[in-house]
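Peer 1: Before anything else, here's the structure in question.
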Amino acid sequence: MLNPFEGVTLPPDPEELIRRELRRLRDVQGVTVKDREIRRLIHFRDALQTYNRFLNSFPKLDRLHPFYLTSLEITAGSLDKVKRCLAQVRRKVNVASRLLENYVEQIKRSPEARANTLMRTGFGRAASVLRDGRECITWLAEVTRELSKAKSVDPDLPTIIIAGPPNVGKSTLVSKISSAKPRIASFPFTTKEVHVGHMNCGVKIQVLDTPGILDRPDSERNVIERKAVNAIRNLRGIVIFMFDVSNSSLYDAGEQLSIYREVTGMGRPVVTVFNKVDDVNQELFDALAQKLNQERVLKLSAEKGEGMVELKREIFIRLKEVSPDISDLLDC
Ligand SMILES: Nc1nc2c(ncn2[C@@H]2O[C@H](COP(=O)(O)OP(=O)(O)OP(=O)(O)O)[C@@H](O)[C@H]2O)c(=O)[nH]1
Ligand SMILES: [Mg+2]
């Protein structure tokens, strides 16, 4: 299953559609005056079908994978608003279509001299109903466009989620072990989206680069952090949690540990990594090591490629644990 928002037919802005239909009125001809006015209204009604195509191609919320449902919630700000707007657009399009059909019937029953006036009234009333739905239509189109830009995460693939505080070297590691080539820079929140790469361990493994997470409650998290938490909470896979133990670390031991404890509490197997050991801050390293003394920690320099063999071996062992059904899994 891939990004379900990629396949959505985007709806046109109602103002644009109305303008286009108005321009086309002149081009519509008929055998009689009544026939011509009827055709004009039917042309408009058919054009409204584009909104039904949008509604029908929009993913059904009750069938969305939790990862994509939460992505929608993060981008839209509220699932209730999405539901309300989808229902409103459906209503407006139905009412506008029925109005047009109603005026078609009136034209059929009226004298020819009234046909053009009826067509104009029907067109105007339907256009105004459609305009009432404009705010929802343009907002839903914007949300869909934003979500369809995100590279496809496949919730069915075995997955490695690289997580940790900002600037610890997550993207550097992802660029070393997978096909993804994310942006790397020496400031926090360089990564703003979940990026997808792949590695071959006999079978295709999905590697996700996630934005950094700060030490604060969920309710205070920004949209960027929430995308990382969504991946960890809602995708089946293992997490590589990276600490920064270097002199350039932006976060102290307490802050990094607090984020680590939160991530380990999310129910995924976690591979714990101390990154940037090529530039180690001994005090920070010791403080972290002391707190994690019962836990297995891998030492890594993602940038220099040190510790990669051990990390790949650990990835393989942990993947085997979470996906015992994958018999083709080889060393990574
Ligand atoms: N010394 C050293 N620097 C590293 C290492 N790995 C990454 N860096 C540097 O740390 C900085 C941040 O690296 P990124 O890979 O962008 O870190 P990130 O965790 O993806 O950052 P955000 O996306 O902002 O959360 C960059 O300047 C990297 O060159 C390492 O092993 N050693
Ligand atoms: Mg990054």
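Read the figures in this text as sums done on the coordinates, not as results from a lab. Bear in mind the structure is a predicted one, so any value in this text is a computation, not a measurement. Note: ideal-geometry Cβ built from the backbone for every residue, glycine included; neighbour counts use all protein chains shown.
Peer 1: When every alpha-carbon pair in the range 241-332 is counted, what percent end up more than 15 Å apart?
Peer 2: Details: 2613 of 4186 pairs.
Taking all Cα-Cα pairs of the range 241-332, the fraction more than 15 Å apart is 62 percent.
Peer 1: Multiply the residue gap between Lys204 and Asn102 by 0.36 nm, knock off their C-alpha separation, and tell me the result in nm, one decimal place. Write out the running numbers ahead of the final one.
Peer 2: Details: separation 102, 0.36 × 102 = 36.72 nm, distance 5.65 nm.
Net length gain for the segment: 31.1 nm.
Peer 1: How big, in percent, is the set of alpha carbon pairs in the chain lying more than 38 Å apart?
Peer 2: Values: 20108 of 54946 pairs.
It works out to 37 percent of all Cα pairs.
Peer 1: Just grab the label-to-label distance for Asn222 and Glu112, each label 7 Å out from Cα along the Cβ direction, in nm (one decimal).
Peer 2: A separation of 6.8 nm, rounded to one decimal place.
Peer 1: Between Lys312 and Ser152, what is the FRET efficiency for a Förster distance of 25 Å, r being their Cβ-Cβ separation, to the nearest 0.05?
Peer 2: Numbers: r = 24 Å, r/R0 = 0.98.
Computed FRET efficiency for Lys312 and Ser152: 0.55.
Peer 1: To test your reading of the geometry: what angle, between 0 and 90 degrees and rounded to tens, separates the Cα axis of helix 134-149 from the longest principal axis of the chain?
Peer 2: 40
Peer 1: For the range 268-273, what does the Karplus curve 6.51 cos²θ - 1.76 cosθ + 1.60, with θ = phi - 60°, yield as ³J(HN,Hα) per residue in whole Hz, taken in order and with x for Gly and Pro?
Peer 2: Ordered by residue, 3J(HN,Hα) equals 9, x, 10, 9, 9, 10 Hz.
Peer 1: Based solely on C-alpha atoms, express the radius of gyration and the Dmax of the range 109-149 in angstrom.
Peer 2: 17.2, 53
Peer 1: Let me ask something else about it. What nm distance separates the two modelled labels at Lys192 and Asp13, each placed 7 Å from Cα along Cα→Cβ?
Peer 2: Each label point lies 7 Å from its Cα, and together they span 2.2 nm.
Peer 1: From the residues Tyr68, Ala113, Asn167, which one has its Cα farthest along the dipole of the range 48-207 in the positive direction, the dipole being from +1 and -1 charges on Cβ of Lys/Arg and Asp/Glu about the Cα centre?
Peer 2: The Cα lying farthest towards the positive end belongs to Ala113.
Peer 1: Pop out the Kirkwood hydrodynamic radius of the range 14-149 from its pairwise C-alpha distances, inverse of mean 1/r, in Å to one decimal.
Peer 2: Evaluated on the range 14-149, it is 16.3 Å.
Peer 1: Could you tell me the ratio Rg/Rh of the range 1-88? Both radii from Cα atoms, Rh via Kirkwood.
Peer 2: Details: Rg = 18.0 Å, Rh = 15.5 Å.
We get a ratio of 1.16 for the range 1-88.
Peer 1: Equivalent-ellipsoid semi-axes (√(5λ), Cα gyration tensor) for the range 143-242, whole Å, largest first? Intermediate values should be presented prior to the final figure.
Peer 2: Working: eigenvalues 80, 50, 36 Å².
Working from the Cα gyration tensor, I get semi-axes of 20, 16, 13 Å.
Peer 1: Would you mind getting me the FRET efficiency between Arg183 and Asp132? Use the beta-carbon distance for r and R0 = 35 Å, nearest 0.05.
Peer 2: 0.25
Peer 1: Next up: Quick check: residue separation of Asp278 and Val95 times 0.36 nm, minus the Cα distance between them. What number comes out in nm? The partial results should precede the final answer.
Peer 2: Details: separation 183, 0.36 × 183 = 65.88 nm, distance 6.69 nm.
The span from Asp278 to Val95 would gain 59.2 nm if fully extended.
Peer 1: Decide, for the range 74-120, between rounded, prolate and oblate: order the square roots of the alpha carbon gyration tensor eigenvalues as a ≥ b ≥ c, take rounded if a/c falls under 1.5, and otherwise choose prolate if a/b is larger than b/c, else oblate. Intermediate values should be presented prior to the final figure.
Peer 2: On the way: a/c = 8.82, a/b = 4.48, b/c = 1.97.
Prolate shape, in that a/c is at least 1.5 and a/b is the bigger ratio.
Peer 1: So, one more: Between helix 33-47 and the chain, what is the angle of the helix's C-alpha long axis to the longest principal axis, kept within 0 to 90° and rounded to the nearest 10?
Peer 2: Between the helix axis and the principal axis of the chain, the angle is about 10 degrees.
Peer 1: Another question about this same structure. Kirkwood hydrodynamic radius for the range 159-322: how many Å is it when counted over pairs of different Cα atoms?
Peer 2: Details: mean 1/r = 0.0643 Å⁻¹.
With all distinct Cα pairs of the range 159-322 included, I get 15.6 Å.
Peer 1: Could I ask something else about it? Does anyone have the angle between helix 253-264 and the longest principal axis of the chain? Alpha-carbon axes, 0 to 90°, nearest 10?
Peer 2: 60
Peer 1: If each DSSP helix of 4+ residues adds -39,500 (n - 2.57) and the sum is divided by the residues in the chain, what number results at 222 nm, nearest 500 deg cm²/dmol? Walk me through the intermediate numbers first.
Peer 2: Details: 12 runs with 171 residues, N = 332.
Mean residue ellipticity at 222 nm (helix-derived): -16500 deg cm²/dmol.
Peer 1: Same structure again: Compactness ratio of the range 133-202: Cα Rg over 2.2 N^0.38 Å, N = residue count? Don't skip to the answer; put the middle values down first.
Peer 2: Working: Rg = 15.6 Å, N = 70, 2.2 N^0.38 = 11.1 Å.
Taking the Cα Rg and dividing by 2.2 N^0.38 Å, one obtains 1.42.
Peer 1: Please give the FRET efficiency for Leu86 paired with Arg24, using the beta carbon to beta carbon distance and R0 = 22 Å, rounded to the nearest 0.05.
Peer 2: Values: r = 28 Å, r/R0 = 1.27.
Working from the Cβ atoms, E equals 0.20.
Peer 1: Working out 0.36 nm times the residue gap between Thr32 and Gln49, then minus their Cα-Cα distance, what length gain in nm do you get to one decimal? Before the final figure, lay out each step's value.
Peer 2: Working: separation 17, 0.36 × 17 = 6.12 nm, distance 2.61 nm.
This chain segment gains 3.5 nm when fully extended.
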